[in-house]
Amino acid sequence: MRRRGDSLSRTEEFWRWGYSYRQVCLKIWHQKKRYLLYILSFYIGLLFPAFCIANIRSADQVIYYTTFDNMEDSVQVDWFGGGFDVPKIEGTEYSVSAYYQEDFPQWNHQYMAVKGVDEHYFYPLPEISGRGFDEEELREGGRVCLLDKKNAKRYDCRVGDRITVCGEKLRIIGTITDVKFEGMLLPFKTMKEVCRNKQNVQFSGIFRADTEEEKARITAFVTEELEKYEDVEVQGVIDGRTVYENALATKRQWRTVRGIGAAVSALFFLMNETVVLMGKAKKERQTIGIHMALGATEGEMKRMLFFETLLVTFFSAMLVLATLLPFARLASLESAVQLDHTAVVWFLASAFFMCEVLTVVVMKRIFTGESRHVYLRESL
């Protein structure tokens with residue numbers, strides 16, 4: 001048999017490829033019920049690997065928002081109290097946040113978490129629709145706040161609306177879109193001014209310290225200063241290095257467990273779909289033989305098979321991406337799924353890689369050295 005490159009020009013090659021792919025599309029259209037079943041089979045097989053990938057991304061996001069740069073070179077002191085005075089150490093960089101539960105009478109006395117952050121807040125802020133705090137609002141205590149998306153939707157609050165906190169009107173400048181965050185954010189200075197009579201507010205002070213000796217010195221000084229107040233109760237001291245290392249260990253464990261789950265489900269997917277495609281190929285032996293009798297080469301038949309599998313994988317993957325979040329909401333697992341750009345890229349790359357593996361395995365089983373003669377006999 002002559003090589004195709006010796007007998008066909010580039011134009012003829014192009015049109016031959018186009019004709020092959022058109023035949024595949026026509027075949028899928030005329031057998032759409034069967035191919036819908038193939039898509040459904042692929043969809044079911046790809047759903048769990050997609051969930052594992054999105055779940056890994058969700059864990060990555062949690063670690064991202066609970067750690068910060070150079071966290072290991074810091075020490076955190078937590079305390080309860082009613083005053084907003086924070087011990088200051090000359091030459092030491094620090095950040096203070098406060099947290100309490102507020103009763104909102106205008107929302108049927110719904111209790112909501114209210115958190116105040118200062119201008120030096122080390123942790124990344126969650127994703128926001130609208131705008132975040134500017135430096136002046138953080139420094140001067142602007143009458144502004146950020147509300148989580150869930151409560152904003154529940155109580156029909158929009159950017160620009162005003163809500164009452166501790167008797168003061170605060171303007172909503174943005175909504176927090178991260179489903180893992182529930183509550184309200186406002187500048188620490190604002191909380192200090194409008195919530196000055198609140199009791200049992202939880203404070204967290206994070207102080208930068210390069211050495212263990214400096215951490216011990218800062219801890220001793222801060223706890224000594226706090227114990228001077230009668231209404232203050234020191235809750236504990238946390239070494240930033242310990243928290244950071246624990247967070248990394250949790251991230252590794254989470255990725256390992258979910259990765260194994262995704263790999264096992266992908267293996268079952270490959271085994272199941274190999275059987276499905278092999279059965280499909282056996283049913284189409286006569287069609288393959290007719291194509292070969294009309295001059296199609298094994299290479300062209302392999303490309304057509306690959307294109308078919310690619311289309312089925314594509315539509316199945318799109319269906320998975322379209323339904324993963326709704327299914328997660330129905331199962332109350334929305335916070336465990338993060339379908340961001342990275343998760344989508346990982347999933348699509350994995351899906352199309354498995355498509356390539358499927359095609360190679362099936363083609364090796366179908367197209368053997370005597371395959372041309374076998375298929376030609378099937379067509380007679």
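In the stretch 248-271, the residues that are surrounded by 13 or more Cβ atoms within 10 Å (Cβ to Cβ) reach residues that are in a helix (DSSP H, G or I) and charged (D, E, K, R) with C-beta atoms within less than 9 angstrom, at least six apart or across chains, in these pairs: 251/60; 254/60; 255/60. The residue that is modelled with the lowest pLDDT, among those in the stretch 98-114 that are farther than 28 Å from residue 206 by Cα and among the polar types (S, T, N, Q), is 106.
Would you check if residue 183 is surrounded by fewer than 15 Cβ atoms within 10 Å (Cβ to Cβ) and either within 17 Å of residue 103 (Cα to Cα) or touching a His at 6+ places or on another chain (Cβ under 9 Å) (or both)?
Numbers: surrounded by fewer than 15 Cβ atoms within 10 Å (Cβ to Cβ): no; either within 17 Å of residue 103 (Cα to Cα) or touching a His at 6+ places or on another chain (Cβ under 9 Å) (or both): yes.
The answer is no for residue 183.
Against the list (1) assigned to a helix (DSSP H, G or I); (2) acidic (Asp, Glu); (3) under 13 Å from residue 188 (Cβ atoms); (4) open to solvent by 80 Å² or more (accessible area, probe 1.4 Å), the condition residue 136 fails is (3). Residues that are open to solvent by 50 Å² or more (accessible area, probe 1.4 Å), at pLDDT 85 or above and aliphatic (A, V, I, L, M) are absent from the stretch 293-308 altogether. List every residue pair whose Cβ atoms sit under 7 Å apart, with the two residues 6 or more apart in sequence or on different chains, where the first one lies in the stretch 228-239 and is part of a strand (DSSP E or B) and the second, anywhere, is open to solvent by 100 Å² or more (accessible area, probe 1.4 Å). Close Cβ pairs (under 7 Å, with a partner that is open to solvent by 100 Å² or more (accessible area, probe 1.4 Å)) amount to 234/227. Tell me whether the stretch 156-177 contains one or more residues that are open to solvent by 60 Å² or more (accessible area, probe 1.4 Å), under 27 Å from the mean Cα position of the chain (by Cα) and without any contact (Cβ under 8 Å) to a residue 12 or more places away in the chain. Checked against the condition, which is being open to solvent by 60 Å² or more (accessible area, probe 1.4 Å), under 27 Å from the mean Cα position of the chain (by Cα) and without any contact (Cβ under 8 Å) to a residue 12 or more places away in the chain, the stretch 156-177 yields at least one hit.
Suppose we filter the stretch 329-355 for residues that are assigned to a helix (DSSP H, G or I), within 17 Å of residue 265 (Cβ to Cβ), among the aliphatic types (A, V, I, L, M) and open to solvent by less than 50 Å² (accessible area, probe 1.4 Å); how many remain? Walk me through it before giving the result.
If we filter the stretch 329-355 for residues that are assigned to a helix (DSSP H, G or I), which is where we start, we get 329-330, 334-336, 341-355.
Those still in the list that are within 17 Å of residue 265 (Cβ to Cβ) too: 336, 343, 346-355.
Narrowing the set further to residues that are among the aliphatic types (A, V, I, L, M) leaves 336, 343, 348-349, 351, 354.
If we keep only those that are open to solvent by less than 50 Å² (accessible area, probe 1.4 Å) too, we end up with 336, 343, 348, 351, 354.
Counting residues in the stretch 329-355 that are assigned to a helix (DSSP H, G or I), within 17 Å of residue 265 (Cβ to Cβ), among the aliphatic types (A, V, I, L, M) and open to solvent by less than 50 Å² (accessible area, probe 1.4 Å) gives 5.
It is to be established whether one or more residues within the stretch 181-189 are in a helix (DSSP H, G or I) and in contact with a Leu (Cβ under 8 Å, 6 or more places away or on another chain). Give the steps one after another, and end with the answer.
Step one: list which residues in the stretch 181-189 are in a helix (DSSP H, G or I), which gives 188-189.
With in contact with a Leu (Cβ under 8 Å, 6 or more places away or on another chain) added as a condition, the list becomes 188-189.
The answer is yes; a qualifying residue exists.
Remark: pairs (first residue in the stretch 298-317, within 14 Å of residue 27 (Cα to Cα); second residue open to solvent by 10 Å² or more (accessible area, probe 1.4 Å) and of a type in the set (S, T, N, Q); Cβ separation under 8 Å; 6+ apart in sequence or on different chains) = 304/20; 304/23; 307/20. Among (1) in contact with a Pro (Cβ under 9 Å, 6 or more places away or on another chain); (2) crowded, with 16+ Cβ neighbours inside 10 Å, where does residue 55 come up short? Unmet condition: (1). Each residue in the stretch 139-153 was checked for being open to solvent by 50 Å² or more (accessible area, probe 1.4 Å) and either part of a strand (DSSP E or B) or free of Cβ contacts under 8 Å to residues at least 24 places away in the same chain (or both), and 1 pass.
The single condition from (1) open to solvent by less than 10 Å² (accessible area, probe 1.4 Å); (2) over 14 Å from residue 170 (Cβ atoms) that residue 92 fails is (1).
Checking the structure you have, find out if any residue of the stretch 217-225 is among the basic types (Lys, Arg) and at pLDDT 85 or above. Yes, that holds for at least one residue.
The values are calculated or read from the model by the stated rules, or taken from the named source; none is laboratory data. Remember, predicted model here, so these are calculated numbers, not experimental data. Cβ: placed from backbone, ideal geometry, glycine included. Neighbour counts: every protein chain shown. The area values use the complete protein model at the heavy-atom level, side chains included, leaving out ligands, DNA and RNA. Shrake-Rupley method; radii C 1.70, N 1.55, O 1.52, S 1.80 Å.
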